Amino acid sequence: MGGLLRFLIWVAIFVGVIIGGLRLLVLRWLWLPENDPVFTTSLEPSLGGGDLIILQRLTTPDFGDLILCPEPNYPERYVIARIIGLPGDVLRIRDQMPELNGKAFPFERICNPHTIRYPHPAMPSEEIVQECYYEALASQLVHKVGRVTGHKFTPGDRSYEVPEGHFFLVSDNRLFPYDSRDYGVVPIDSCKETVALRLVSKHGWTDVEKRMTLIQ
């Protein structure tokens, strides 16, 4: 019995070391906050407040990746958005939809379900119902976005040229974004983590639709 106990202890230590090493060097998990509606709403429909996500560490993020970076003016905070602009790119936001170097991104198909629902970030008693589509950034880069269509929201067009050494980030929620239009471009060398997987949503393992979701 004593030999078995020692064996189990060593197994537990070994597993702990492996998990610790992975967390330190390769992966880490993060609970997304539920008390920051501006931030969490901007993540819809790819992620949501209260999600438990897996981040791939020490990566080299590239165009189209959903990444985590320190907020430029408040490095103690982090932001999560998608790389839409690389150094030298000219980005135009027209009706909240990005155009890169004069080219818009097509919608490939609708999501299933087609609509998403969440509280208005400024008026929690009001529910927002928003269309969800898959946007094709390239042939192998397809991800969910929340469209502006059907809402009384007509922002002015804005154009940006991405400086050297920086990324331009755009939120997947195009109706309520929180991205480089708010906090500016982010230094490339500050962005070391890519969102890889959602383990569970705030509703836990019983939320079948949102558990073990690969993030594109």
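Read the figures in this text as sums done on the coordinates, not as results from a lab. Source: prediction; values computed, not measured. Please note: Cβ atoms are built from the backbone with ideal geometry, for glycine as well, and neighbour counts cover all protein chains shown.
Structure above, values below:
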| read-out | value |
| --- | --- |
| Rounded tilt (10° steps) of 2-25 against the dominant C-alpha axis of the chain | 20 degrees |
| Per-residue Cβ neighbour rank within 10 angstrom, fewest leading, Arg147, Arg109 | Arg109, Arg147 |
| Helix-derived mean residue ellipticity, 222 nm - over the chain, DSSP H n ≥ 4, -39500 (n - 2.57), to 500 | -5000 deg cm²/dmol |
| Lys pairs under 28 Å by Cα in the chain, provided they are eight or more residues apart or on distinct chains | 10 |
| Convex hull (Cα only) mean projected area of segment 161-216, reported in nm² to one decimal | 5.3 nm² |
| Cα-based Kirkwood hydrodynamic radius, segment 45-101, one decimal, Å | 13.5 Å |
| Convex hull of the chain built on C-alpha atoms - directionally averaged projected area, nm² | 14.6 nm² |
| Computed P(r) (all Cα pairs; segment 65-166; 10 Å bins; percent) | 13, 35, 40, 13, 0 |
| Where only C-alpha atoms are counted, convex hull volume of segment 106-207 per residue in Å³ | 166 Å³ |
| Glu131, Glu161 arranged by Cβ crowding within 10 Å, fewest neighbours leading | Glu161, Glu131 |
| Asp62, Asp179, Asp51 arranged by Cβ crowding within 10 Å, fewest neighbours leading | Asp62, Asp179, Asp51 |
